Each structure stands twice: as C-alpha cells, then as structure tokens.
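What follows is a short report on a single structure.
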Amino acid sequence: MRKLFGVIGDPIAHSMSPLMHNDAFAQLGIDGYYQPFHVKSADLAAAVHGMKAIGVQGFNVTIPHKTAIMPLLDQIDPLAKAIGAVNTVVRENGGWTGYNTDGAGFVQGLREECGGPLEDKRVLLIGAGGAARAIYYTLASEKVNQIDIANRTLEKAASLAESCPYSVAGTVKTTQEAEAELAAYDIIIQTTSIGMLPLIEAAPLSVENIKPGAFVSDIIYNPFETKLLQEAKKQGARIQNGLKMFVYQGALAFEKWTGQTPDIERMADIVRHQLGGNYVNN
Ligand code: ATR
C-alpha cells in the first residue's frame, strides 16, 4: 500500500516540500506520497492523533506548530528537546517521535560550502529566535570554536546561550559591537527576518569591517540574495543563501522516513524552479 507523508502548518499553500519529496519518491522508486495539510492551532491535537490513526508514516511540521506539537508526541529526540522545536515526525514502533533537522540541515549545507573544519572557526550568529536556537545548539554540539550572538534584545541572546546543553565559548553582542568587531569572525550567520520579503532593502548590520574571505550565510532564500549578502559580497566575502538549509532539512527528514538518501542537487533545482526566477516579486 502507498505510504503517506506530509507537512502540517498554517499557512501551508506555498510550501515547496511536497514537490521536493514527491519527486524524490518517484526518483527512488518508493511508493510514497507527500501531502500538505492546512492545520489550524485549535485542530493540532486532533490532526496529530488522526494521522496516527489513519497510518501516516511521517510528516514535517512548520509555523506555527513546531513547539506546540511537542507534548502531543510519544518520544522526542534529545537535540530537538533541547532546541524546543520539532520539524520532523517519524512513526517509530507505532508511536510518533519528534526530531529537529533544521539545525543539522543548516550545518550540513555550511560544511559543504564553507570549506575546511568548523572546529577552529569563530562564528557570529545574528538573531536569537527559533531558527537561531536550532543552529546555535547544533553548531555547539559539533564543537565549533566560538559562537557570539548579536541580537536586538540582548536578554534573548543571553538566555539562548545559557540554556544550550552543549558547552561552547562565546558572548552576546549589541549590533553596534558586532559591527565594530566584525573582522574577528570567520563565519557570520543571519537568522532574522530582516532582508526577507517585504524587507528586502534592510540588512541587520553593516558589513564594512568584515574580514575578506569570511563566509556569510543567510537563512533567507527569497530573495535569493539579501541586502546583507549583496553587501558582504562587495566586501570580498563568500556568501550562501538559505536554499541549502531548506533542502538539507528536507533530505534529512526523507532519510529518517525511508532510510534512503535523495538527490540533493535535484531537490535544490526543484526549489529554484518553483521560485521561478521571480524571487523578489512574488
Ligand atoms: P524564528 O523562530 O523564525 O527564528 P522569531 O523567534 O520570531 O523567528 O525570531 C526572530 C529574530 O529576528 C529575533 O532574534 C528578533 O529579535 P528580538 O529577539 O529582538 O525580537 C529578530 N528580529 C526580527 N525583526 C527584527 C527587527 N526589525 N530588528 C531587529 N531584529 C529583528
């Protein structure tokens, strides 16, 4: 019988995950189908229990359910528990197990494009929301040398660092401090919504003092090159947008569900095609 997978969120209509996963099923000859489900917060518990009852094999979780779903699951992977968010749910021994592949997806894409070991790198993380937490904890668990956090609200940055279960050196910085000390960083990771549609003319900080050859990664992929990435490139930095993170978080979920590795480049092409070259205006 065909195995059913999906993604739950609100809104969900513009999710690019169904195309990506259904293509991977076809490519690998797996009899599976991935369906978007529009689930409102009030219906989350009913949806999670209902999907178990009808035999769904696994699903992704997106905004606004990544944290709210946690008490509804049977087991939660320790890293997802520490991050406080689940984006991937797998049926294991008849129950639901929650994982977080956002952080690991980001780090896989970073390792691929940044080059060299991460263990000796000094990292500046911009932002202290859910995405920043997943990335910080995963980088800390992979023994990066130092991670400083710059955020508008300093207390949020401090509490993110304090609650991390993996020890890593680092401090919190105001935006002004981070700008002044930017030359100290090998890798700069942007996790806020600044630069995303409709804020495309905004950047979270000035990159005037960036180290030439530094690597700047922005988790936004629409627009494909945020203002921050454009400015960083002008200063001689290497840049990466959020496409790889999106594709790898999906690929890691796919592996957990099927035990098979999808074609990453094909997945990335599907997302690029779906954005249709109209990255800025849609
Ligand atoms: P997500 O879960 O998607 O990461 P979030 O939890 O809403 O989103 O976090 C958004 C991040 O972007 C936060 O770091 C937020 O800063 P604060 O902690 O000060 O709220 C940051 N952010 C969003 N809009 C911002 C703005 N206009 N200026 C500065 N920081 C902003």
**Asked** What is the gain in length, in nm to one decimal, between E92 and R238 on full extension, counting 0.36 nm per residue of separation less the C-alpha to C-alpha distance?
**Response** 48.5 nm
**Message:** Limiting things to C-alpha atoms, what are the Rg and the maximum Cα-Cα separation (Dmax) for the chain, in angstroms?
**Reply:** 18.8, 59
**Fill in**
If unit charges are put on Cβ atoms (+1 for Lys and Arg, -1 for Asp and Glu) and the dipole of the chain is taken about its Cα centre, the option from A214, V247, P165 lying farthest towards the positive end turns out to be V247
**Fill in**
For region 3-48 the translational diffusion coefficient, Stokes-Einstein from a Kirkwood Rh over Cα pairs at 4 °C and viscosity 1.567 mPa s, in µm²/s, is roughly 114 µm²/s
**Asked** Under 18 Å from a point 7 Å along the Cα-to-Cβ line of D43: which residues of region 53-96 have their amide N that close?
**Response** 53-56, 59-66, 68-69
**Hydrodynamic radius (Kirkwood) for region 103-241, which is based on Cα pairs only, to one decimal in Å** = 14.6 Å
**Message:** Given Cα positions, please report Rg to Rh for region 40-105, the hydrodynamic radius being the Kirkwood one.
**Reply:** 0.93
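Summing -39500 (n - 2.57) over the DSSP H runs of n ≥ 4 in the chain and dividing by its residue number, what mean residue ellipticity at 222 nm do you reach, to the nearest 500 deg cm²/dmol? Write out the running numbers ahead of the final one.
Numbers: 10 runs with 104 residues, N = 282.
About -11000 deg cm²/dmol.
Quick one: accessible area per residue over the chain, 1.4 Å probe, rounded to a whole number of Å²? The partial results should precede the final answer.
On the way: 12530 Å² over 282 residues.
Per-residue value: 44 Å².
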**Asked** So how strong a dipole does the chain carry about its Cα centre when Lys and Arg Cβ are +1 and Asp and Glu Cβ are -1, to the nearest 20 debye?
**Response** 360 debye
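In percent, what relative contact order does the chain have, based on Cα pairs under 8 Å that are 6 or more apart in sequence? Please list the in-between numbers first.
Details: 545 pairs, mean separation 41.8, N = 282.
Rounded, it is 15 percent for the chain.
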**Asked** Magnitude of the Cβ-charge dipole of region 103-241, K/R +1 and D/E -1, about the Cα centre, nearest 20 debye?
**Response** 100 debye
**Asked** K227: net charge of surrounding residues, Cβ under 12 Å, Lys/Arg +1, Asp/Glu -1, itself excluded?
**Response** -2
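To check you understand DSSP bridge types, tell me what percent of the beta bridges within region 103-241 (both residues inside) are antiparallel, rounded to 5. List each step's numbers first, then the result.
Working: 0 of 19 bridges.
Expressed as a percentage, antiparallel bridges in region 103-241 total about 0.
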**Message:** What distance in nm lies between label points placed 7 Å from Cα along the C-beta direction at Q260 and F224?
**Reply:** 3.0 nm
**Request:** Mind jotting down the distance between the C-alpha centroids of region 60-115 and region 121-141, whole Å?
**Result:** 15 Å
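With an 8 Å Cα cut-off and a minimum separation of 6 or more residues, compute the relative contact order for region 103-241 in percent. Numbers along the way, then the final one.
Values: 277 pairs, mean separation 29.1, N = 139.
Here the relative contact order equals 21 percent.
Between Q57 and H14, what FRET efficiency comes out of the Förster formula 1/(1 + (r/R0)^6) with R0 = 25 Å and r the beta carbon distance, rounded to 0.05? Kindly include the intermediate steps, with their values, before the conclusion.
Working: r = 24 Å, r/R0 = 0.96.
Computed FRET efficiency for H14 and Q57: 0.55.
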**Message:** Within region 1-127, count lysine pairs with alpha carbon atoms under 22 angstrom apart where the residues are 8 or more positions apart or belong to different chains.
**Reply:** 6
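Leaving out ligands, DNA and RNA, what percent of the accessible area of region 103-241 is carbon and sulfur, probe 1.4 Å? Write out the running numbers ahead of the final one.
Values: 3000 of 5880 Å².
Taking all protein chains in place, region 103-241 shows 51 percent carbon and sulfur surface.
Pop out the Kirkwood hydrodynamic radius of region 1-144 from its pairwise C-alpha distances, inverse of mean 1/r, in Å to one decimal. Please list the in-between numbers first.
Details: mean 1/r = 0.0612 Å⁻¹.
Roughly 16.3 Å, rounded to one decimal.
The values are calculated or read from the model by the stated rules, or taken from the named source; none is laboratory data. This is a predicted model, so every value here is computed, not measured. All Cβ positions, even for glycine, are placed from backbone atoms using ideal geometry, and neighbour counts span all protein chains on display. Surface accessibility is based on the protein's heavy atoms, side chains included, excluding ligands, DNA and RNA. Shrake-Rupley method; radii C 1.70, N 1.55, O 1.52, S 1.80 Å.
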